[in-house]
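> My structure is below; once you've seen it, I'll send some questions.
Taken together, the values in this text are just the output of simple stated rules run on the coordinates, not laboratory data. Being a predicted model, the structure only gives us computed values, none of them experimental. In this analysis, Cβ positions are derived from the backbone assuming ideal geometry, glycine residues included, and neighbour counts consider all displayed protein chains.
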Amino acid sequence: MTALREVGILGTGSYAPERVLSNHDLEKLVDTNDEWIVSRTGMRERRLVSEGQATSDLACESAKRAMEDAGVGAGDIDLVILATVTPDHLVPSTACILQARLGLVNASAFDINVACSGFVTGMNVAKSLIAAGAYNRVLVIGAETMSSILNYKDRGSCILFGDASGAAVLGPYAGQGKILDMHTGADGTGGMSMVVPAGGSRKPCTPEVVAADEHKLVMKGNEVYKFAVAKFKDLVVEQLARTGYKPSDIDLVIPHQVNLRIIESALSRLDIDPARIYINLDRYGNTSAGSVPLALDEARRAGRFQSGSLVSLVAFGAGLTWASSLIRW
Ligand code: UT7
């Protein structure tokens, strides 16, 4: 049997649309206020697409930046994995739209729907395929236009999310970003805690469905809150147990940017210095599959980790799903 190859992150990129929606802007849409949103979530503003902009447009920008950073051309990519719950269309996949847009003529392409765990799950799938020798340059993207499924009459959910995208190019390890450990999981019994009830085969869209906003996200915030705190802690504890590292060995944790209280609550159960957690949810909110790769790219470009740093990615979301990855940068 051929030995498995080591896999690394060759480059990263991200893109958030220019339009800003602040907490004060939200005060004009729903019965909320800046003080409530900041104290309950840590969020101050988020980015939204402009008229006519869709998920593939965000994905395209972040992918171009990641490819440039990795020094790879369109012909070098042999697989595109795009994580999103807000595809341009139900069919075709947004990965195929991106493949055509970027001229990735040698690439297979597919979408995955794992919500906020999407990018890390995509990375883990890519890692396995590259390690096995099936692919050599995989473009992994997390991209969301959450504003397209938010109900801006529901103050319990619409304040949380924003639109953004992040990407990475993975390939055989070449001295940067070696993936040391990965894990993914799911618990479908919790699936109805975050759901878009209509627009799929269970309940196709009709004028009545749209009038009742059933094509928009419905969320049981408290259930998700408890799941997220527990899962965040478990993912880090299990990652350390599998790899033999101590909490103090981790240079930076890049968590899904879910809610500052959830992150702080999980941290209080872990022996990790809060200065070693990367947070940007104050500026972008929760961008679902876009969240971790946007934070990874931003943290890297800001010098929050360097060559040799141990970086932990943890994500969890609708499905319910979760994923983690440990990287020796
Ligand atoms: O990627 C995962 C995506 N999902 C999530 O991140 C959801 C995780 N859950 C959460 O982040 C929190 O549960 C929320 C931020 C959604 C809610 O925070 P909470 O501290 O759990 O508030 P709550 O739902 O217990 O509501 C407390 C009060 C309620 O009023 P009453 O019944 O006490 O009078 C709500 O109606 O706050 C009210 N409320 C708001 N008030 C002002 C709920 N949303 C708002 C709002 N502005 N936006």
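> Tally Lys and Arg at +1 and Asp and Glu at -1 over the other residues with C-beta under 14 Å from the C-beta of Q99: what net charge comes out?
Working: positive: K64, R101, R137; negative: D76, D78, D88, D111.
With Lys, Arg at +1 and Asp, Glu at -1, the net is -1.
> With viscosity set to 1.567 mPa s and temperature to 4 °C, compute the Stokes-Einstein D of the chain, Rh being the Kirkwood radius across alpha carbon pairs; µm²/s, no decimals.
The calculation lands on 66 µm²/s.
> Arrange the peptides 12-24, 233-245, 140-152 so that the one whose residues have, on average, the most other Cβ atoms within 10 Å appears first.
Details: 12-24: 19.4, 233-245: 16.3, 140-152: 25.7.
Highest to lowest by the protection proxy: 140-152, 12-24, 233-245.
> Could you give the length gained by full extension between E51 and V218, i.e. 0.36 nm per residue of separation minus their alpha carbon distance, to one decimal place? Present the calculation step by step, with values, prior to reporting the outcome.
Working: separation 167, 0.36 × 167 = 60.12 nm, distance 2.36 nm.
57.8 nm is the gain from fully extending E51 to V218.
> One-quarter of the Cα convex hull surface for segment 180-328, in nm²?
Details: hull surface 39.8 nm².
Convex hull of Cα atoms, orientation-averaged projection: 10.0 nm².
> For the chain, compute the number of Lys pairs whose alpha carbons are separated by less than 15 Å, excluding pairs fewer than 8 positions apart on the same chain. Please list the in-between numbers first.
Working: K28/K153; K127/K178; K153/K216; K203/K216; K233/K246.
For the chain, qualifying lysine pairs total 5.
> Could you give the distance between the Cα centres of segment 32-56 and segment 144-163, to the whole Å?
The distance from the Cα centre of segment 32-56 to that of segment 144-163 comes to 8 Å.
> What value in Å³ per residue do you get for the convex hull of the alpha-carbon atoms in segment 1-68?
Values: hull volume 11.8 nm³, N = 68.
Here the figure is 174 Å³ per residue.
> How long is the gain from V210 to R101 if the chain were fully straight, where each residue apart is worth 0.36 nm and the alpha carbon distance is subtracted?
Numbers: separation 109, 0.36 × 109 = 39.24 nm, distance 3.11 nm.
Between V210 and R101, full extension yields 36.1 nm more.
> Right, another one. From the phi of every residue in segment 180-194, what ³J(HN,Hα) in whole Hz does the Karplus formula 6.51 cos²θ - 1.76 cosθ + 1.60 yield, where θ is phi - 60° and glycine or proline is x?
8, 8, 8, 7, 9, x, 8, 9, x, 5, x, x, 7, 6, 9
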